[in-house]
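See below for the structure under consideration.
The values are calculated or read from the model by the stated rules, or taken from the named source; none is laboratory data. Remember, predicted model here, so these are calculated numbers, not experimental data. Positions of Cβ are backbone-derived with ideal geometry, glycine not excepted, and every protein chain shown enters the neighbour counts. Side chains included, ligands, DNA and RNA excluded: accessible areas come from the protein's heavy atoms. Shrake-Rupley method; radii C 1.70, N 1.55, O 1.52, S 1.80 Å.
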Amino acid sequence: MDDTEPVFVGHVSLSHDQISVQDLVSRLVTSGATSEDTDDEIQLMIPSLQREFCWDPEDIEKLFDSVLRGLPIGTLLVWDTEPDRNNEAKYAFIQQYANKANFPTDEVEEPIEHYSSKLDSEYIPEEYMLVLDGQQRLTSFLIGLKGSFHEHRYRKHTDKPESYYEKHLCLNILNDPEREPDNTQEPIFEFSFLREKKHGYDEEDGDYWWPVNNIWDEDNSRLVQREEIDCPEKCTQDPTNRKNARENIDRLHESLRAEQIPYELVGDITSKGAVELFRRRNKAGEELKNSDIAFSLITVYWKEFDENKDPKETFENEASELTENFADHSFSFGKQFFIRSLLYLEDEKPSLELENLVPEIIGPLENHWDDEFFDAINMTFELITEDFELTGKCISKKTSILPILYYCYERQDRLSDHSDIPEKDRQRMEYWVQMTVLNNIFSISSSMTVLDNVRKIVGKGIEEDDRFPLSEIVEEYQGRSVKIGISADEDTGVTITDIVEETDHSSATTVRNYLLTKLYTDRGVGKDFKIENGDKTSMEVDHFFPASKLRNNENYLDNQDFELSDENFKAMKEFCENNVNRFGNFTLLPHGAGNQSKGEKDPEKWLNEIENNEDVEDDKELHYLPQEIGSYSYENYEQFLDTREEMLIEELERKLLLAEEI
């Protein structure tokens, strides 16, 4: 990077210049790189304070459209660091990207990754620069020009290579490059990530999808010479197509060679100064999460992290282990949950607002990053999954569990595992979880404020009586804007009838999931379910009467032979359409598990298939299907809902914790 004469701002040198995409991409260090792979140019790497790559294909496509149109894409910020002043871990740019965290990188030959890999110190050149701002854009250029985007296939296992489509960035070279779209937000140049079988000419649409990596010379790490790029034969037969193809390819080539990407080069700054610069530069950024800023502070201010101990790898390994422990109940973990939990244990509000993102608060969190911290997390979620039999789909947010984590952490000297927690405290803690979901206690104030206040109450309860102080929590919030607690008496709390009948279960999915999970003893929303061949599948919420048919899609109801008058038929259709998502129409079924998989089948047809396997009576009992209404036909849908919801309410009154019992 040939920088301009530096301008000194205080003790920091800052220079400005412009560079081409070609030159940038040629300097990006990728996974598996060795010192022999680098040329004479100073290489670019990622510092540990940077977040992970998170752009989707549409973001990358828009970036390339902006470059070809000459639109500004923002200024890169590069740190010209001195190796002897910077001993933190360095990371490679991702060239082959997989969009799910548990992609099995170890099972493929080339490095296909979701996370940036740490570079071995022996392969780090003597001179290098670190990207403080611009990693998303630079990784996108690399993926588009030289790499690929491995996109997870819907409803496939995320830990299998065959569950991903390998896609490459392509440009439709038959698109008119001079056209002016009606909408200024619409791209002019048509880019799209496509599988290899869709590269080339599309007979149906008249498009030609030309892989962008055709323009890159891998041997020389430069663009192919323009005169060496021929238009595909399919594009030369028609004069207009030939003109558009040539102009699109030329525009792509010229745009990537043009020195139009602005960058700022900052020098004479320490790691702590770089973190502060990173924080200030990014705090207004829409895409940047405050957890990334918090993590950047951790990488510098925690003493245990240096060049020999990788903070990203440490956090990712701990998160992966916890996720593996509780993935069968749809819980996953990451740095945001860890940081909020550490703040909570440090008696700070578990908020990632900027006032918490200072060294004075983030630094001391290291005191809790130990085995006791992870033992408390495991104990907490064993309690949630094994005793309460809940899943991640039933919890409004994992932070709602923090008061229980606080209790487990503070009482570890008396608890070897969750079964040692007194039964009364277990009930009280389950009631707390129940309140966060069914009473929406966090609507009283901000969730962070409520959690901060509850932590103080829990701390006092442990100190004075060695118990989880549920009654004090209820007393604190009783009489506020929402009713607290579940009760058979509407004057004491919210009744289960109110929750079932008044909740909009099309939008309040956590409430729906919580109730359904409590109704079924062998399954829960988001819980793994073993099927006959020993494999596992996911447990999913399904409509007993198919939603599309209740809405009369494709005139389904109109085409049935109902013995109803026109007036009654119209009333039936209107009721069906307006009551698709009544709680009484939901059930839990394993996805794709033989006859258990209902799909769009009518209730009677599905039950007949089960009847052939002699399981029908068990299934009617399992799913609380009323026997007294006769057939499960659309004429009886209203009666079915009323009767089944009455059954479900009675069962929930037995299975949920009521205020009178606590």
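Key figures
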item	result
Which numbered condition GLY524 misses (of (1) open to solvent by 10 Å² or more (accessible area, probe 1.4 Å); (2) out of contact with any Asp or Glu (no Cβ under 6 Å at 6 or more places or on another chain); (3) closer than 28 Å to PHE331 by Cα)	(1)
Output for region 362-407, where each listed residue is polar (S, T, N, Q) and under 13 Å from TYR344 (Cα atoms)	ASN367, THR399, SER400
Members of region 131-162 found to be of a type in the set (Asp, Glu) and assigned to a strand (DSSP E or B), listed by number	ASP133, GLU151
Positions within region 67-126 being charged (D, E, K, R) and closer than 19 Å to PHE278 by Cβ, in sequence order	ASP80, GLU82, ARG85, GLU88, LYS90, LYS118
Flag if PHE64 is outside any helix (DSSP H, G or I) and aromatic (Phe, Trp, Tyr)	no
Residue match in region 184-196 (condition: out of contact with any Cys (no Cβ under 7 Å at 6 or more places or on another chain), more than 22 Å from LEU71 (Cβ to Cβ), surrounded by fewer than 19 Cβ atoms within 10 Å (Cβ to Cβ) and among the charged types (D, E, K, R))	yes
In region 385-424, residue surrounded by the most Cβ atoms within 10 Å (Cβ to Cβ) [restricted to those that are outside any helix (DSSP H, G or I) and small (Gly, Ala, Ser)]	SER396
Residues satisfying the stated conditions in region 530-579, i.e. in contact (Cβ under 8 Å) with a residue 24 or more places away in the chain, farther than 17 Å from GLU638 by Cα and of a type in the set (D, E, K, R)	GLU532, LYS536, GLU540, ASP542
The one condition in (1) open to solvent by less than 40 Å² (accessible area, probe 1.4 Å); (2) closer than 23 Å to ARG242 by Cα; (3) assigned to a loop (DSSP other than H, G, I, E, B) that GLU178 fails to fulfil	(1)
Region 197-240: number of residues that are open to solvent by 40 Å² or more (accessible area, probe 1.4 Å), out of contact with any strand residue (DSSP E or B) (no Cβ under 7 Å at 6 or more places or on another chain) and within 22 Å of GLU61 (Cβ to Cβ)	4
Unmet criterion (only one of (1) surrounded by 15 or more Cβ atoms within 10 Å (Cβ to Cβ); (2) modelled with pLDDT of 80 or more; (3) within 37 Å of the chain's Cα centre (by Cα)) for PRO626	(3)
Filtered residue count, region 356-384, keeping only those that are under 24 Å from the mean Cα position of the chain (by Cα) and open to solvent by 10 Å² or more (accessible area, probe 1.4 Å)	4
Tally of residues being in contact (Cβ under 8 Å) with a residue 40 or more places away in the chain and outside any helix (DSSP H, G or I) across region 432-453	1
Test result for GLU463, in contact (Cβ under 8 Å) with a residue 24 or more places away in the chain and of a type in the set (D, E, K, R)	no
Checking ILE499 against (1) over 24 Å from TRP369 (Cα atoms); (2) free of Cβ contacts under 8 Å to residues at least 60 places away in the same chain, the condition it does not meet	(2)
Cβ pairs under 8 Å, 6+ apart, first in region 353-365 and outside any helix (DSSP H, G or I), second modelled with pLDDT under 85 and not β-branched (Val, Ile, Thr)	GLU353/ASN290; LEU357/ARG279; LEU357/ASN290; LEU357/LEU297; VAL358/LEU297
Residue that is least open to solvent (accessible area, probe 1.4 Å) [pool: residues in region 483-496 that are hydroxyl-bearing (Ser, Thr, Tyr) and touching a residue at least 12 places away in the same chain (Cβ under 8 Å)]	SER487
Filter pass, GLY147 being open to solvent by 10 Å² or more (accessible area, probe 1.4 Å) and more than 21 Å from the chain's Cα centre (by Cα)	no
Filter result for LEU174 (of a type in the set (A, V, I, L, M), modelled with pLDDT of 95 or more and in contact with a helix residue (DSSP H, G or I) (Cβ under 6 Å, 6 or more places away or on another chain))	yes
So SER471, is it of a type in the set (Gly, Ala, Ser), modelled with pLDDT under 90, open to solvent by 50 Å² or more (accessible area, probe 1.4 Å) and more than 24 Å from MET647 (Cα to Cα)	no
When residues of region 241-280 are limited to those that are over 22 Å from LEU24 (Cα atoms) and among the small types (Gly, Ala, Ser), the one surrounded by the fewest Cβ atoms within 10 Å (Cβ to Cβ)	GLY273
Conditions (1) of a type outside the set (A, V, I, L, M); (2) open to solvent by 60 Å² or more (accessible area, probe 1.4 Å); (3) within 24 Å of LEU383 (Cβ to Cβ); number of the one not met by THR436	(2)
Selected residue (criterion: modelled with the highest pLDDT) from residues of region 299-314 that are within 23 Å of ILE124 (Cα to Cα) and part of a helix (DSSP H, G or I)	THR314
Elements of type helices (runs of 4 or more DSSP H) contained in region 454-568, each with 3 or more residues being under 28 Å from the mean Cα position of the chain (by Cα), closer than 26 Å to ASP602 by Cβ and not β-branched (Val, Ile, Thr)	509-519
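Here is a yes/no grid of residues against (1) open to solvent by less than 20 Å² (accessible area, probe 1.4 Å); (2) of a type outside the set (Gly, Ala, Ser); (3) modelled with pLDDT of 85 or more:
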{"site": "GLU41", "(1), (2), (3)": "no, yes, no"}
{"site": "GLU110", "(1), (2), (3)": "no, yes, yes"}
{"site": "SER117", "(1), (2), (3)": "no, no, yes"}
{"site": "LEU132", "(1), (2), (3)": "yes, yes, yes"}
